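Undergrad: I have a structure here, written as structure tokens, and I will follow up with some questions on it.
The values are calculated or read from the model by the stated rules, or taken from the named source; none is laboratory data. Note that the coordinates shown come from a computational prediction; the quantities given were computed from them, not determined experimentally. Reconstructed Cβ throughout: ideal geometry from the backbone, glycine too, with neighbour counts over all protein chains shown. For accessibility, only protein heavy atoms count, side chains too; no ligands or nucleic acids. Shrake-Rupley method; radii C 1.70, N 1.55, O 1.52, S 1.80 Å.
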Amino acid sequence: MSTPSAPPPCPHLAAHRLSSRPLRFLRRCLRVRPLGRPEIRRDPRELPRCSPCAAAAPSPTSRLYACLSCAAVFCPSHAASHASASAGPGHQIAVDVDRAELFCAACGDQVYDPDFDHAVFLAQSSSLLPSTSASSPSPSAALRKRRRVDYRAWAPDPAEFALMSSADPTTSASAAAPAGLRGLNNLGNTCFMNSVLQALLHAPPLRNYFLGDRHNRFLCPRRTPVRHRATDADAARVACLACDLDEIYSAAFSGERMPYSPAKFLYSWWQHASNLASYEQQDAHEFFISILDHIHENIKDDQQKSHAQAQGHGDCCIAHRVFSGILRSDVTCTSCGFTSTTFEPCMDISLDMDAGDNSSFGVANTKPHVRNGERGLAGMNSKVSTLMRCLERFTRSERLDAEQKFFCEHCNERQESLKQMSIRRLPLVSCFHIKRFEHSSVKKVSRKVDHCLQFPFSLDMAPYLSSSILRSRYGNRIFPAEASDADAVSEMSSEFEIFAVITHSGKLEAGHYVTYLRLNNHWYKCDDAWVTRVEEHTVRTSQAYMLFYVQKTLYYKACERAATV
């Protein structure tokens with residue numbers, strides 16, 4: 001088998017070598033683009049074009065060549081005419097303007113010259129070396145440019161303070177787009193996280209805390225640079241969810257409307273909750289409790305924590321100051337009447353669905369329920385529950401089972417008893433978790449309760465407080481222990497307004513979470529990255545899973561004045 005022979009050399013290139021100097025001199029006419037592709041050096045304002053084609057619109061994909069003898073520019077269509085029309089020799093060889101490749105106009109093909117190839121190689125090599133020209137900065141200037149600038153806390157001047165005092169942080173220049181209303185990208189079955197984050201971003205006390213620079217991520221002691229993290233264990237230890245949440249607040253209230261990706265927050269949460277570190281769908285309520293617990297661990301103050309735990313208040317961090325309340329549990333012996341009272345903190349209240357007949361499996365009572373200024377939507381669904389009936393069911397007396405007999409200190413034995421729950425102290429933001437997921441230990445099955453839940457926009461929690469429960473039990477008799485109770489709630493602070501609703505649609509195994517936000521008396525649907533304005537009826541008919549209420553009046557002891565949210 002014969003080996004293929006090399007193509008014959010171009011005779012026009014050989015003639016050009018004899019009549020002209022070596023093509024290595026073209027090195028100074030070459031420049032290299034940032035990606036390493038050589039081209040002919042020219043003025044940036046110069047736009048080369050084919051002279052015969054100047055009258056017509058040039059094709060954007062057409063190649064342009066410059067003659068090495070006369071520097072005339074022509075396209076492949078007029079290359080042969082230029083070579084034949086020129087009188088002197090050497091006009092057949094040209095160079096590609098954009099690619100720095102030799103081209104023979106007479107042959108209509110690319111040609112190779114070792115001298116020109118060497119010139120291109122030298123041009124590419126010199127572009128990789130550091131510049132030593134006089135225009136390059138001096139070493140001292142480069143050091144000054146790379147020097148770190150320490151962070152300085154910002155303090156407003158009188159003019160800026162007056163401007164902030166006159167502005168409403170919950171509104172922007174456009175009434176149609178409230179501040180902080182920004183979508184969150186779904187990172188893979190993370191709608192549970194996005195829905196809870198939207199509610200936290202617009203919880204007024206929590207929003208004021210982070211936007212007021214009360215937790216600065218640049219000054220947080222747990223914020224360790226990445227280069228100082230020796231091991232993965234150290235990285236998990238220093239991960240601060242409060243810092244990541246502060247970053248999300250800054251991004252949400254920056255005025256940018258493009259959806260934001262909370263990937264950094266998700267990764268930090270995975271470090272704290274390694275058992276839930278996956279792209280599987282999680283429960284929004286479980287995520288909410290997990291976030292508050294880890295924020296409590298991150299930004300708690302040791303002195304305030306020890307004092308608060310001694311008093312039983314739980315005001316050791318912003319998470320507890322906003323969401324923590326106190327429940328009262330009274331267990332009464334049916335034999336002697338002795339009552340044992342215990343108190344426990346709570347971050348939310350989980351409520352069983354009540355469809356009118358005290359059972360989530362029964363038929364609802366069609367009689368409209370009027371309370372807290374809300375009337376039931378009659379005829380909308382045969383299985384309709386109300387938030388007020390769920391609260392009444394939560395705070396009513398129930399007889400404990402025989403297996404749960406109470407040990408009475410007076411009778412000195414286990415007796416049948418009655419248990420009643422009530423709310424001793426209300427939090428600034430009340431979160432109600434609706435138990436829509438039922439698990440049967442007998443049938444070994446789980447299902448979702450799809451009943452509609454009616455909830456008021458204005459809620460009065462006074463009927464469910466310990467003071468009201470005790471008054472209905474004992475009358476108007478005054479008990480010294482209750483009169484001196486430091487957690488006694490005034491009637492003004494028992495009034496709440498709704499600001500967020502998290503809904504769940506779909507089945508138990510596969511569903512989707514959506515958040516409805518109430519901003520400036522308008523409702524907005526936050527469905528991951530999509531944020532749209534909806535009507536009030538859409539919110540009322542949704543399958544509420546978590547409800548967020550904020551006190552109408554927030555009291556600040558430091559300045560002794562009330563601020564309406």
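Undergrad: Out of the residues in region 403-419 that are assigned to a strand (DSSP E or B) and not small (Gly, Ala, Ser), which is most open to solvent (accessible area, probe 1.4 Å)?
TA: Ranking the qualifying residues of region 403-419, first place goes to 414.
Undergrad: While we're on this one: Restricting attention to region 262-293, which residues are among the aromatic types (Phe, Trp, Tyr) and either touching an Asp or Glu at 6+ places or on another chain (Cβ under 9 Å) or open to solvent by 10 Å² or more (accessible area, probe 1.4 Å) (or both)?
TA: 265, 267, 269, 270, 279, 288
Undergrad: Applying the selection to region 315-346, what residues are within 26 Å of residue 245 (Cβ to Cβ) and open to solvent by less than 50 Å² (accessible area, probe 1.4 Å)?
TA: Once the filter is applied, which keeps residues that are within 26 Å of residue 245 (Cβ to Cβ) and open to solvent by less than 50 Å² (accessible area, probe 1.4 Å), region 315-346 yields 316, 317, 318, 319, 320, 322, 323, 324, 325, 326, 346.
Undergrad: So which pairs qualify, if the first residue must be in region 184-211 and more than 14 Å from residue 548 (Cα to Cα), the second must be assigned to a helix (DSSP H, G or I) and open to solvent by 20 Å² or more (accessible area, probe 1.4 Å), the Cβ gap must be under 8 Å, and the two must be at least 6 apart or on different chains?
TA: Final answer for the pair search is 187/263.
Undergrad: Any idea which of 425, 414, 399, 436 is closer than 30 Å to residue 542 by Cα, assigned by the TED database to the domain that holds residue 506 and at pLDDT below 90?
TA: 436
Undergrad: Can I ask one more? Determine whether region 98-113 contains at least one residue that is in a helix (DSSP H, G or I), out of contact with any helix residue (DSSP H, G or I) (no Cβ under 6 Å at 6 or more places or on another chain) and open to solvent by 50 Å² or more (accessible area, probe 1.4 Å).
TA: No, every residue in region 98-113 fails to be in a helix (DSSP H, G or I), out of contact with any helix residue (DSSP H, G or I) (no Cβ under 6 Å at 6 or more places or on another chain) and open to solvent by 50 Å² or more (accessible area, probe 1.4 Å).
Undergrad: Hey, another quick one. Suppose the filter is open to solvent by less than 70 Å² (accessible area, probe 1.4 Å), at pLDDT 80 or above and not in a helix (DSSP H, G or I); does residue 91 pass it?
TA: Answer is yes for this residue.
Undergrad: Further question: Name the residues in region 520-530 that are closer than 20 Å to residue 545 by Cβ and more than 17 Å from the chain's Cα centre (by Cα), would you?
TA: Within region 520-530, 523 is the sole residue that qualifies.
Undergrad: List every residue pair whose Cβ atoms sit under 8 Å apart, with the two residues 6 or more apart in sequence or on different chains, where the first one lies in region 44-69 and is under 14 Å from residue 98 (Cα atoms) and the second, anywhere, is at pLDDT below 75 and surrounded by 10 or more Cβ atoms within 10 Å (Cβ to Cβ).
TA: 49/58; 50/58; 50/62; 67/86
Undergrad: If you don't mind, another one. Quick one: which residue in 197, 219 is at pLDDT below 85, of a type outside the set (Ser, Thr, Tyr) and either within 17 Å of residue 241 (Cα to Cα) or buried (at least 21 other Cβ atoms within 10 Å of the Cβ) (or both)?
TA: Result of the check over 197, 219: 219.
Undergrad: Show the residue pairs that are 6+ apart or on different chains and have beta-carbon atoms under 9 Å apart, the first residue being within region 392-406 and farther than 11 Å from residue 331 by Cβ, the second being loosely packed, with under 15 Cβ neighbours inside 10 Å and modelled with pLDDT of 85 or more.
TA: Here the result reads 394/350, each pair linking region 392-406 to a residue that is loosely packed, with under 15 Cβ neighbours inside 10 Å and modelled with pLDDT of 85 or more.
Undergrad: For residues that are surrounded by fewer than 19 Cβ atoms within 10 Å (Cβ to Cβ) and within 17 Å of residue 189 (Cβ to Cβ), tally how many sit in region 495-510.
TA: Looking only at that region, the number is 6.
Undergrad: Kindly indicate whether any position in region 441-455 is in contact (Cβ under 8 Å) with a residue 12 or more places away in the chain, assigned to a loop (DSSP other than H, G, I, E, B) and buried (at least 21 other Cβ atoms within 10 Å of the Cβ).
TA: yes
Undergrad: Pick out the one residue from 339, 334 that is among the β-branched types (Val, Ile, Thr), modelled with pLDDT under 85, over 23 Å from the mean Cα position of the chain (by Cα) and within 17 Å of residue 424 (Cβ to Cβ).
TA: None of the other options fit; the residue is 339.
Undergrad: On the basis of being modelled with pLDDT of 50 or more and more than 28 Å from the chain's Cα centre (by Cα), does residue 366 make the cut?
TA: It is false that residue 366 is modelled with pLDDT of 50 or more and more than 28 Å from the chain's Cα centre (by Cα).
Undergrad: Taking the condition within 26 Å of residue 511 (Cα to Cα), touching a residue at least 60 places away in the same chain (Cβ under 8 Å) and assigned to a strand (DSSP E or B), does residue 422 pass?
TA: no
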